[in-house]
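Structure first, then comments.
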Amino acid sequence: MDHSGHGMNMDLPPFTLERGLQFSPDAFFLIGCLLALGLYGYGVLRLRGRGDAWPVGRTVFFFVGVLSIALVMCTKLNDYGMVMFSVHMVQHMVISMLSPILVLLGAPVTLALRALPVAGRGRTGPRELLLKLLHSRYMRVITHPVFTIPMFIASLYALYFTPLFDFLMESKTGHIAMMVHFLAVGLVFFWPIMGVDPGPHRPGYVMRMLELFAGMPFHAFFGIALMMATTPMVDTYEHPPASLGIDALSDQSAAGGIAWAFSEIPSVLVLIALVFQWYRSEQRAARRSDRAEERNGDRELQAYNAYLASLQARGR
(Lines give C-alpha, C1' and ligand atoms only; values in the text may rest on other atoms or scores of the structure.)
Protein backbone atom coordinates (compact mmCIF):
# COMPACT_ATOMS: atom_id res chain seq x y z
CA MET A 1 0.00 0.00 0.00
CA ASP A 2 1.48 3.34 -1.05
CA HIS A 3 1.12 6.03 1.60
CA SER A 4 3.52 8.45 -0.05
CA GLY A 5 1.28 11.45 0.56
CA HIS A 6 -0.23 12.08 -2.88
CA GLY A 7 3.09 11.37 -4.60
CA MET A 8 4.98 14.32 -3.09
CA ASN A 9 8.47 14.05 -1.63
CA MET A 10 8.03 12.91 1.97
CA ASP A 11 11.66 13.45 3.05
CA LEU A 12 10.60 16.26 5.36
CA PRO A 13 12.96 17.58 8.02
CA PRO A 14 11.97 17.09 11.70
CA PHE A 15 8.78 18.98 12.54
CA THR A 16 8.96 22.40 14.18
CA LEU A 17 6.13 24.91 14.53
CA GLU A 18 8.04 27.40 12.37
CA ARG A 19 8.34 24.85 9.55
CA GLY A 20 4.74 23.73 10.00
CA LEU A 21 3.36 27.25 9.51
CA GLN A 22 5.19 27.92 6.23
CA PHE A 23 2.85 28.65 3.31
CA SER A 24 2.14 25.49 1.27
CA PRO A 25 -1.33 25.91 -0.24
CA ASP A 26 -3.78 23.18 -1.12
CA ALA A 27 -5.51 24.66 -4.20
CA PHE A 28 -8.99 23.35 -3.26
CA PHE A 29 -8.96 24.85 0.25
CA LEU A 30 -7.15 28.04 -0.78
CA ILE A 31 -9.81 28.83 -3.43
CA GLY A 32 -12.60 27.81 -1.03
CA CYS A 33 -11.30 30.05 1.79
CA LEU A 34 -10.76 33.06 -0.50
CA LEU A 35 -14.24 32.60 -1.99
CA ALA A 36 -15.84 32.38 1.48
CA LEU A 37 -14.05 35.52 2.70
CA GLY A 38 -14.88 37.39 -0.53
CA LEU A 39 -18.60 36.53 -0.45
CA TYR A 40 -18.92 37.34 3.25
CA GLY A 41 -17.10 40.66 2.79
CA TYR A 42 -19.33 41.49 -0.19
CA GLY A 43 -22.44 40.73 1.90
CA VAL A 44 -21.30 43.03 4.73
CA LEU A 45 -20.47 45.85 2.27
CA ARG A 46 -23.86 45.42 0.59
CA LEU A 47 -25.64 45.83 3.95
CA ARG A 48 -23.52 48.81 4.93
CA GLY A 49 -24.12 50.37 1.50
CA ARG A 50 -27.86 50.51 2.12
CA GLY A 51 -27.43 51.79 5.68
CA ASP A 52 -27.97 48.50 7.56
CA ALA A 53 -25.75 47.56 10.49
CA TRP A 54 -23.90 44.24 10.79
CA PRO A 55 -22.10 43.37 14.06
CA VAL A 56 -18.31 43.67 13.76
CA GLY A 57 -17.94 40.72 16.15
CA ARG A 58 -19.69 38.39 13.70
CA THR A 59 -17.37 39.48 10.88
CA VAL A 60 -14.31 38.87 13.09
CA PHE A 61 -15.55 35.40 14.13
CA PHE A 62 -16.21 34.37 10.51
CA PHE A 63 -12.87 35.65 9.19
CA VAL A 64 -10.91 33.98 12.03
CA GLY A 65 -12.87 30.75 11.44
CA VAL A 66 -12.01 30.68 7.72
CA LEU A 67 -8.39 31.61 8.44
CA SER A 68 -8.17 28.70 10.90
CA ILE A 69 -9.14 26.36 8.01
CA ALA A 70 -6.46 27.97 5.82
CA LEU A 71 -3.95 27.63 8.68
CA VAL A 72 -4.22 23.82 8.77
CA MET A 73 -4.84 23.20 5.05
CA CYS A 74 -2.68 25.80 3.27
CA THR A 75 0.55 25.50 5.26
CA LYS A 76 3.22 22.83 5.73
CA LEU A 77 0.99 21.43 8.51
CA ASN A 78 -0.91 19.76 5.65
CA ASP A 79 2.32 18.21 4.29
CA TYR A 80 3.43 16.98 7.72
CA GLY A 81 -0.12 15.74 8.38
CA MET A 82 0.38 13.17 5.62
CA VAL A 83 3.22 11.45 7.50
CA MET A 84 2.69 12.42 11.17
CA PHE A 85 -0.40 11.23 13.03
CA SER A 86 -0.07 13.99 15.66
CA VAL A 87 -0.05 16.79 13.04
CA HIS A 88 -2.95 15.18 11.17
CA MET A 89 -4.90 15.10 14.45
CA VAL A 90 -4.28 18.85 14.93
CA GLN A 91 -5.73 19.40 11.43
CA HIS A 92 -8.72 17.15 12.16
CA MET A 93 -9.53 18.76 15.52
CA VAL A 94 -9.19 22.35 14.27
CA ILE A 95 -11.24 21.81 11.10
CA SER A 96 -13.99 19.78 12.81
CA MET A 97 -14.25 21.45 16.23
CA LEU A 98 -12.73 24.94 16.21
CA SER A 99 -13.33 26.28 12.68
CA PRO A 100 -17.07 25.35 12.63
CA ILE A 101 -17.72 27.12 15.97
CA LEU A 102 -16.05 30.34 14.76
CA VAL A 103 -17.71 30.23 11.32
CA LEU A 104 -21.17 29.66 12.88
CA LEU A 105 -20.70 32.58 15.29
CA GLY A 106 -20.23 34.69 12.14
CA ALA A 107 -23.87 33.93 11.13
CA PRO A 108 -23.15 33.53 7.37
CA VAL A 109 -26.68 32.27 6.55
CA THR A 110 -28.31 35.27 8.26
CA LEU A 111 -25.96 37.58 6.34
CA ALA A 112 -26.85 35.87 3.04
CA LEU A 113 -30.61 36.15 3.75
CA ARG A 114 -30.24 39.87 4.50
CA ALA A 115 -27.84 40.68 1.65
CA LEU A 116 -29.43 38.67 -1.19
CA PRO A 117 -32.14 40.52 -3.14
CA VAL A 118 -35.76 39.31 -2.95
CA ALA A 119 -36.92 37.87 -6.27
CA GLY A 120 -40.07 39.25 -7.85
CA ARG A 121 -43.49 37.72 -7.24
CA GLY A 122 -43.72 34.17 -8.54
CA ARG A 123 -39.96 34.03 -9.21
CA THR A 124 -37.26 32.03 -7.46
CA GLY A 125 -33.86 33.58 -6.82
CA PRO A 126 -30.83 32.55 -4.69
CA ARG A 127 -32.49 33.89 -1.51
CA GLU A 128 -35.66 31.87 -2.11
CA LEU A 129 -33.63 28.71 -2.83
CA LEU A 130 -31.69 29.21 0.42
CA LEU A 131 -34.93 29.61 2.40
CA LYS A 132 -36.36 26.49 0.73
CA LEU A 133 -33.22 24.54 1.70
CA LEU A 134 -33.38 25.81 5.32
CA HIS A 135 -36.99 24.62 5.64
CA SER A 136 -36.48 21.33 3.77
CA ARG A 137 -36.92 17.85 5.26
CA TYR A 138 -33.26 17.16 4.37
CA MET A 139 -32.11 19.98 6.69
CA ARG A 140 -34.45 18.80 9.47
CA VAL A 141 -32.84 15.35 9.28
CA ILE A 142 -29.16 16.35 9.12
CA THR A 143 -29.42 18.90 11.96
CA HIS A 144 -31.37 16.60 14.32
CA PRO A 145 -29.35 15.18 17.26
CA VAL A 146 -30.43 11.63 16.31
CA PHE A 147 -28.31 12.17 13.17
CA THR A 148 -25.62 14.66 14.29
CA ILE A 149 -24.42 12.90 17.46
CA PRO A 150 -23.89 9.42 15.88
CA MET A 151 -22.27 11.06 12.82
CA PHE A 152 -19.94 13.06 15.08
CA ILE A 153 -18.90 9.86 16.92
CA ALA A 154 -18.66 7.73 13.75
CA SER A 155 -16.29 10.29 12.20
CA LEU A 156 -13.76 9.17 14.79
CA TYR A 157 -14.31 5.45 15.41
CA ALA A 158 -15.60 4.32 11.98
CA LEU A 159 -12.86 6.24 10.21
CA TYR A 160 -9.70 5.56 12.22
CA PHE A 161 -10.48 2.05 13.45
CA THR A 162 -11.38 0.65 10.00
CA PRO A 163 -9.43 0.48 6.68
CA LEU A 164 -11.39 3.54 5.45
CA PHE A 165 -8.82 6.03 6.75
CA ASP A 166 -5.91 4.31 4.95
CA PHE A 167 -7.99 4.13 1.74
CA LEU A 168 -8.74 7.87 1.82
CA MET A 169 -5.13 8.79 2.61
CA GLU A 170 -3.92 7.03 -0.55
CA SER A 171 -5.01 9.90 -2.82
CA LYS A 172 -5.17 13.68 -2.78
CA THR A 173 -8.90 13.53 -3.62
CA GLY A 174 -9.56 11.12 -0.74
CA HIS A 175 -7.66 13.35 1.70
CA ILE A 176 -9.56 16.48 0.59
CA ALA A 177 -12.90 14.60 0.82
CA MET A 178 -12.05 13.50 4.36
CA MET A 179 -11.20 17.07 5.46
CA VAL A 180 -14.39 18.45 3.85
CA HIS A 181 -16.33 15.73 5.70
CA PHE A 182 -14.75 16.75 9.04
CA LEU A 183 -15.72 20.39 8.42
CA ALA A 184 -19.28 19.50 7.36
CA VAL A 185 -19.82 17.21 10.38
CA GLY A 186 -18.55 19.96 12.71
CA LEU A 187 -20.91 22.50 11.14
CA VAL A 188 -24.05 20.33 11.36
CA PHE A 189 -23.18 19.20 14.92
CA PHE A 190 -22.60 22.69 16.36
CA TRP A 191 -25.19 24.62 14.27
CA PRO A 192 -28.32 23.54 16.27
CA ILE A 193 -26.38 23.88 19.55
CA MET A 194 -24.89 27.38 19.34
CA GLY A 195 -25.25 28.67 15.79
CA VAL A 196 -26.68 32.18 15.43
CA ASP A 197 -28.33 31.37 12.08
CA PRO A 198 -31.95 30.19 11.84
CA GLY A 199 -32.28 26.44 11.52
CA PRO A 200 -34.99 23.77 11.40
CA HIS A 201 -33.92 22.22 14.73
CA ARG A 202 -33.46 24.68 17.59
CA PRO A 203 -34.16 23.18 21.05
CA GLY A 204 -34.11 25.03 24.39
CA TYR A 205 -30.82 26.00 26.01
CA VAL A 206 -30.74 23.09 28.50
CA MET A 207 -31.30 20.58 25.68
CA ARG A 208 -28.54 22.23 23.65
CA MET A 209 -26.10 21.77 26.53
CA LEU A 210 -27.12 18.11 26.81
CA GLU A 211 -26.53 17.67 23.05
CA LEU A 212 -23.08 19.22 23.41
CA PHE A 213 -22.05 16.94 26.27
CA ALA A 214 -23.58 13.81 24.70
CA GLY A 215 -20.80 13.63 22.09
CA MET A 216 -17.81 14.81 24.11
CA PRO A 217 -17.15 11.71 26.30
CA PHE A 218 -16.80 9.59 23.12
CA HIS A 219 -14.23 12.10 21.89
CA ALA A 220 -12.27 11.77 25.12
CA PHE A 221 -12.45 7.93 25.00
CA PHE A 222 -11.15 7.98 21.43
CA GLY A 223 -8.13 10.06 22.52
CA ILE A 224 -7.47 7.76 25.50
CA ALA A 225 -7.70 4.66 23.24
CA LEU A 226 -4.98 6.09 20.98
CA MET A 227 -2.80 7.06 23.95
CA MET A 228 -3.04 3.59 25.53
CA ALA A 229 -2.62 1.52 22.32
CA THR A 230 0.53 -0.63 22.25
CA THR A 231 0.55 -1.04 18.44
CA PRO A 232 0.01 1.47 15.59
CA MET A 233 -3.74 1.82 14.94
CA VAL A 234 -3.53 3.00 11.30
CA ASP A 235 -1.22 1.71 8.55
CA THR A 236 -0.65 5.19 7.09
CA TYR A 237 1.50 6.28 10.04
CA GLU A 238 3.05 2.89 10.88
CA HIS A 239 6.40 3.68 9.20
CA PRO A 240 7.16 7.42 9.43
CA PRO A 241 10.04 8.67 7.21
CA ALA A 242 13.43 8.33 8.91
CA SER A 243 14.14 12.02 8.16
CA LEU A 244 11.49 13.00 10.76
CA GLY A 245 13.29 11.21 13.57
CA ILE A 246 10.05 10.12 15.28
CA ASP A 247 8.67 6.88 16.71
CA ALA A 248 5.27 5.77 15.35
CA LEU A 249 3.85 4.79 18.76
CA SER A 250 4.91 7.96 20.59
CA ASP A 251 3.53 10.05 17.70
CA GLN A 252 0.24 8.11 17.92
CA SER A 253 0.16 8.73 21.68
CA ALA A 254 0.66 12.47 21.02
CA ALA A 255 -2.24 12.32 18.51
CA GLY A 256 -4.43 10.74 21.21
CA GLY A 257 -3.46 13.48 23.67
CA ILE A 258 -4.43 16.15 21.11
CA ALA A 259 -7.82 14.46 20.46
CA TRP A 260 -8.46 14.22 24.22
CA ALA A 261 -7.53 17.86 24.87
CA PHE A 262 -9.73 19.05 22.01
CA SER A 263 -12.78 17.40 23.57
CA GLU A 264 -12.41 19.94 26.40
CA ILE A 265 -11.40 23.23 24.68
CA PRO A 266 -14.30 23.62 22.19
CA SER A 267 -16.77 22.46 24.87
CA VAL A 268 -15.75 25.42 27.04
CA LEU A 269 -15.98 27.83 24.04
CA VAL A 270 -19.44 26.57 23.08
CA LEU A 271 -20.61 26.67 26.70
CA ILE A 272 -19.52 30.32 27.01
CA ALA A 273 -21.30 31.17 23.72
CA LEU A 274 -24.44 29.31 24.88
CA VAL A 275 -24.56 31.05 28.28
CA PHE A 276 -24.06 34.43 26.57
CA GLN A 277 -26.83 33.69 24.03
CA TRP A 278 -29.11 32.51 26.85
CA TYR A 279 -28.42 35.70 28.81
CA ARG A 280 -29.12 37.85 25.72
CA SER A 281 -32.34 35.93 25.06
CA GLU A 282 -33.50 36.44 28.67
CA GLN A 283 -32.67 40.15 28.44
CA ARG A 284 -34.74 40.49 25.25
CA ALA A 285 -37.64 38.60 26.86
CA ALA A 286 -37.45 40.85 29.94
CA ARG A 287 -37.50 43.99 27.75
CA ARG A 288 -40.53 42.68 25.83
CA SER A 289 -42.28 41.92 29.13
CA ASP A 290 -41.49 45.40 30.47
CA ARG A 291 -42.85 47.02 27.31
CA ALA A 292 -46.03 44.92 27.53
CA GLU A 293 -46.48 45.89 31.20
CA GLU A 294 -45.96 49.57 30.33
CA ARG A 295 -48.63 49.32 27.62
CA ASN A 296 -51.02 47.56 30.03
CA GLY A 297 -50.23 50.15 32.70
CA ASP A 298 -50.99 52.97 30.27
CA ARG A 299 -54.28 51.34 29.32
CA GLU A 300 -55.22 50.89 33.01
CA LEU A 301 -54.30 54.52 33.74
CA GLN A 302 -56.39 55.71 30.79
CA ALA A 303 -59.32 53.58 31.96
CA TYR A 304 -58.98 54.93 35.51
CA ASN A 305 -58.82 58.52 34.26
CA ALA A 306 -61.89 57.88 32.12
CA TYR A 307 -63.65 56.44 35.18
CA LEU A 308 -62.76 59.56 37.24
CA ALA A 309 -63.95 61.79 34.41
CA SER A 310 -67.28 59.90 34.27
CA LEU A 311 -67.73 60.29 38.06
CA GLN A 312 -66.97 64.01 37.74
CA ALA A 313 -69.49 64.37 34.91
CA ARG A 314 -72.10 62.51 36.98
CA GLY A 315 -71.44 64.79 39.98
CA ARG A 316 -72.10 67.80 37.81
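The values are calculated or read from the model by the stated rules, or taken from the named source; none is laboratory data. Computed from a predicted structure; not experimentally measured. Here the Cβ is made from the backbone with ideal geometry for all residues, glycine too, and neighbour counts use every protein chain on show. We work out accessible area using only protein heavy atoms, side chains counted, and drop any ligands, DNA or RNA first. Shrake-Rupley method; radii C 1.70, N 1.55, O 1.52, S 1.80 Å.
Some values worked out for this structure:
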read-out	value
Set 119, 112: member being assigned to a helix (DSSP H, G or I) and of a type in the set (Gly, Ala, Ser)	112
Residues being open to solvent by less than 30 Å² (accessible area, probe 1.4 Å) and acidic (Asp, Glu) - total across segment 156-209	2
Among residues of segment 241-271, those that are over 13 Å from residue 89 (Cα atoms) and surrounded by 21 or more Cβ atoms within 10 Å (Cβ to Cβ), counted	2
Residue pairs meeting the criteria (Cβ under 9 Å; at least 6 apart or on separate chains; first closer than 21 Å to residue 113 by Cβ, in segment 135-148; second of a type in the set (D, E, K, R) and open to solvent by less than 100 Å² (accessible area, probe 1.4 Å))	143/202
Considering residues of segment 109-140 that are modelled with pLDDT under 90 and within 18 Å of the chain's Cα centre (by Cα) only, the residue surrounded by the fewest Cβ atoms within 10 Å (Cβ to Cβ)	140
Positions within segment 215-224 being open to solvent by 40 Å² or more (accessible area, probe 1.4 Å) and either at pLDDT 90 or above or hydrophobic (A, V, I, L, M, F, W, C) (or both), in sequence order	218, 221, 224
Test for residue 236: is it farther than 25 Å from residue 102 by Cβ, surrounded by 17 or more Cβ atoms within 10 Å (Cβ to Cβ) and modelled with pLDDT of 80 or more	yes
